[in-house]
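A.B. asks: Structure provided below as structure tokens; questions to follow.
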Amino acid sequence: MEKVLTVVEARRELKISHTKMYELLLSGKVHSFRIGRLRRIRKSALDDFINRQLLEEGFDPNDSEEIKA
């Protein structure tokens, strides 16, 4: 089964604030689902978001050597 993250776990992976994470979720930029009152994010949805961001910046998301901090 695919890994599922909480909002806190997802925002920690992205190293962003709680507010920014909810902006991404509510805008649909990061896809999520609810179980009752709990919101969850598939790891693949987070990876898709990261890959889209890299493409927008002109990087090849499959080339980890290309990204330098």
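A.B. asks: Out of (1) of a type in the set (Phe, Trp, Tyr); (2) part of a loop (DSSP other than H, G, I, E, B); (3) under 15 Å from the mean Cα position of the chain (by Cα), the odd one out for Phe59 is which?
C.D. replies: Failing condition for Phe59: (3).
A.B. asks: Can you find a residue in the range 14-26 that is touching a Pro at 6+ places or on another chain (Cβ under 9 Å) and of a type outside the set (Lys, Arg)? Break it down into steps so the answer makes sense when it comes.
C.D. replies: Kept after step one, since they are touching a Pro at 6+ places or on another chain (Cβ under 9 Å), are these residues of the range 14-26: none.
Taking every residue of the range 14-26 in turn, none turns out to be touching a Pro at 6+ places or on another chain (Cβ under 9 Å) and of a type outside the set (Lys, Arg).
A.B. asks: State all residues of the range 34-56 that are part of a strand (DSSP E or B), under 10 Å from the mean Cα position of the chain (by Cα) and surrounded by fewer than 14 Cβ atoms within 10 Å (Cβ to Cβ); if no residue qualifies, say none. Steps first, please.
C.D. replies: Applying the first criterion (part of a strand (DSSP E or B)) to the range 34-56 yields 34-35, 38-42.
Still in the running and under 10 Å from the mean Cα position of the chain (by Cα): 41-42.
Scanning the range 34-56 gives no hits.
Bear in mind that the values in this text are calculations on the coordinates, not laboratory data. What you see is a predicted model; the values in this text were computed from it and never measured. Note: ideal-geometry Cβ built from the backbone for every residue, glycine included; neighbour counts use all protein chains shown.
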